[in-house]
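Read through the structure below, which is laid out as structure tokens, and then see the notes.
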Amino acid sequence: MSMPPILRLMRPKQWVKNAFVLAPLLFSGLFTSPEAIQSATAAFVIFCLASSATYVLNDYSDIENDKKHPVKSKTRPLASGEVSKGAARLLMVALYAIVVASTFFYPKVVVVVVSYLLLNVAYTFYLKHQPVLDIFTIATGFVLRVLAGAVSLSVPLSSWMFITTLSLALYLAAIKRRQELVKSGASARDVLKNYSLNLIDKYAEMSATCAILFYSLFVMSDRPDMVFTIPFVLFGLYRYWFIVEMEDSGESPTDALFNDRILQLTIVGWVGACIYGLTV
């Protein structure tokens, strides 16, 4: 059964990105605490609603560009005409209202969630048109997810987790821009006119290198029992790059994840290895 257009406008498949909210729950070792699980799950749900609100806002403001995109013109409900602008406005207001109301029940995350919403408003109307800033803004959204998870548990966000998350997110954002440029050309998005394929490849390579370097340093210095999780991270990066280069995917990291069983198994294996390393 196909998903209703109004629900597709919320992009529930993209909620998998909000799994970053749960990273502090895993690395803090609090995943056996029911109270901690409840707090982290609440932060996850709030971020799902917040991210859906930003997706609706972004699609609403980007209808004309999406109509020129070979894929988005058919899959985005607003660009394809499946959902009216009026319905999108109502949905957007409802989502923002629910997010604001939710933060009253979980006030710990209110500052992070509001920062995320404001950042994405700035991204929608200005930052996504600014080269380099657009990539860093996307990456900052992932860092805020991790920060929300840490704040919900009242645990500090370690410097290692911050820099590793930022590096990984920069890699994913660079690959997203790379595939947009390859598939649609500079006409699909204004900021793409400022990039070359060679430049974005360098950004992606540098970010991937930093991600594995910082993660490895973190594990070997702070969590030596988790050293066997490093091969999973290496293989995951290799596999993702294979998907990008050889299967011409990667414009949407979420689609790449949902469509590749090996990548899914790699993530499951990494999570299992982390849990084992943290509990032995």
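The values are calculated or read from the model by the stated rules, or taken from the named source; none is laboratory data. Everything numeric here is computed off the predicted structure, so don't read it as measured data. Backbone-built Cβ (ideal geometry, glycine too); neighbour counts: all protein chains shown.
The figures follow:
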item	result
Residue in region 20-40 that is nearest to the chain's Cα centre (by Cα), counting only those that are part of a helix (DSSP H, G or I) and loosely packed, with under 15 Cβ neighbours inside 10 Å	GLN38
Failed item in (1) surrounded by fewer than 16 Cβ atoms within 10 Å (Cβ to Cβ); (2) under 19 Å from ASN65 (Cα atoms); (3) not basic (Lys, Arg), with ASP134 passing the rest	(1)
Selection status of ASP248, outside any helix (DSSP H, G or I) and either free of Cβ contacts under 8 Å to residues at least 12 places away in the same chain or in contact with a helix residue (DSSP H, G or I) (Cβ under 8 Å, 6 or more places away or on another chain) (or both)	yes
Where LYS108 falls short, out of the listed (1) in a helix (DSSP H, G or I); (2) buried (at least 18 other Cβ atoms within 10 Å of the Cβ)	(2)
Qualifying position, being surrounded by fewer than 20 Cβ atoms within 10 Å (Cβ to Cβ), among the hydroxyl-bearing types (Ser, Thr, Tyr) and under 18 Å from ALA23 (Cβ atoms), among THR209, THR254, THR165, THR229	THR254
Among the residues listed as VAL191, VAL143, VAL182, the single one being in the same structural domain as LYS72 (by TED's automatic domain parsing) and either modelled with pLDDT under 95 or within 21 Å of the chain's Cα centre (by Cα) (or both)	VAL143
